[in-house]
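Just below is one structure, and these are the notes that go with it.
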Amino acid sequence: MTEAVRTLKDWVAQSGNIVFFGGAGVSTESGIPDFRSTDGLYNQEYDYPPETILSHSFYESSPEEFFRFYRNKMLYLEAQPNAAHKKLAEWEAAGKLRAVITQNIDGLHQKAGSQNVLELHGSVLRNYCVKCGAFHGVEAVQGSHGVPRCRCGGIIKPDVVLYEEGLNEDVLAKSISAIRNADVLIIGGTSLTVYPAAGLVQYYRGNKLVVINKTALGTGADLSITEPIGQVMAQI
């Protein structure tokens, strides 16, 4: 165990108000590719750049191509929680962790047992009809061909935040409150380049800002750990 990991372990032991802020790097160890990594979605061949396909305007103008990409590249329903997901759930059950704030849409934090998960970008597991508002599980999209349709004829849209769409105001407000009141804030698996989510860190008022992985450089972290996040969390 490195000195940095030992320090983090001490901070966790002493705290009862930890908040975790995570991104794609938390789920890569579960086999879900990171958009911007060497082997990520942004480096795979496709007809359009992923950031174009995953935009609201593209969804509106080319729904069939949008859903073809979405089914092929965004749904990893067989993925299982890794050591990081499990440790966070363990901390919450022990009364140490107050919230998980995530940019991920895979639902793995809940699958690991976490209850208070603030999903900034929504979830692939939730889908709804844009016409009648009926809820649909992920199977309605995964098992569809072309554009998934509700029984009423409306399009079934994933409850995920696309480029050009705003974040849910209630989730955003709860995230800001959790970060502002945190004793220890742990940032893991995010480059903090996607706004407005990346700007949330500025609300932290404590002196135990932890960055795990080669991410979030320049945030003024009080503790930086460059080992894989699952490996780090398994030691704590």
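The values are calculated or read from the model by the stated rules, or taken from the named source; none is laboratory data. Bear in mind that the values here come from a model prediction, so they are computed numbers and not experimental data. Because the Cβ atoms are built from the backbone with ideal geometry, glycine has one as well, and the counts that use them run over all protein chains shown. Heavy atoms of the whole protein, side chains included, go into the accessibility calculation; ligands, DNA and RNA do not. Shrake-Rupley method; radii C 1.70, N 1.55, O 1.52, S 1.80 Å.
Here are the numbers:
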quantity	calculated
Condition met for Ala178 (open to solvent by less than 50 Å² (accessible area, probe 1.4 Å), under 21 Å from His85 (Cα atoms) and at pLDDT 95 or above)	yes
Among the candidates Ala173, Ala140, Ala198, residue that is part of a helix (DSSP H, G or I), in contact with a Pro (Cβ under 8 Å, 6 or more places away or on another chain) and surrounded by fewer than 20 Cβ atoms within 10 Å (Cβ to Cβ)	Ala140
Subset of segment 143-159 (residues that are open to solvent by less than 30 Å² (accessible area, probe 1.4 Å) and among the acidic types (Asp, Glu))	none
Check on Asn127, outside any loop (DSSP other than H, G, I, E, B) and surrounded by 21 or more Cβ atoms within 10 Å (Cβ to Cβ)	yes
Residue satisfying condition, being at pLDDT 95 or above and closer than 30 Å to Phe135 by Cβ, within set Val184, Val171, Val194	Val171
Test result for Glu45, at pLDDT 95 or above and over 23 Å from Leu118 (Cβ atoms)	no
Looking only at segment 143-169, and only at residues there that are among the hydrophobic types (A, V, I, L, M, F, W, C) and assigned to a strand (DSSP E or B), the one that is farthest from Lys73 (Cα to Cα)	Ile155
Exclusive hit being more than 30 Å from Ser15 (Cα to Cα) and assigned to a helix (DSSP H, G or I), set Glu92, Glu60	Glu60
Number of the condition not met by Ile187 [criteria: (1) open to solvent by less than 10 Å² (accessible area, probe 1.4 Å); (2) part of a helix (DSSP H, G or I)]	(2)
Top-ranked residue of segment 215-232 - restricted to ones that are open to solvent by less than 30 Å² (accessible area, probe 1.4 Å) and in a loop (DSSP other than H, G, I, E, B), ranked as modelled with the lowest pLDDT	Ala216
Among the residues listed as Lys208, Lys174, the single one being among the charged types (D, E, K, R) and within 29 Å of Thr2 (Cα to Cα)	Lys208
In segment 202-214, residue surrounded by the most Cβ atoms within 10 Å (Cβ to Cβ) [restricted to those that are touching a strand residue (DSSP E or B) at 6+ places or on another chain (Cβ under 7 Å) and at pLDDT 90 or above]	Ile212
Any hit, segment 106-120, residues being surrounded by fewer than 17 Cβ atoms within 10 Å (Cβ to Cβ), among the small types (Gly, Ala, Ser) and at pLDDT 95 or above	yes
Hey, Leu162 buried (at least 21 other Cβ atoms within 10 Å of the Cβ), at pLDDT 95 or above and either of a type outside the set (Phe, Trp, Tyr) or touching a His at 6+ places or on another chain (Cβ under 8 Å) (or both) or not	no
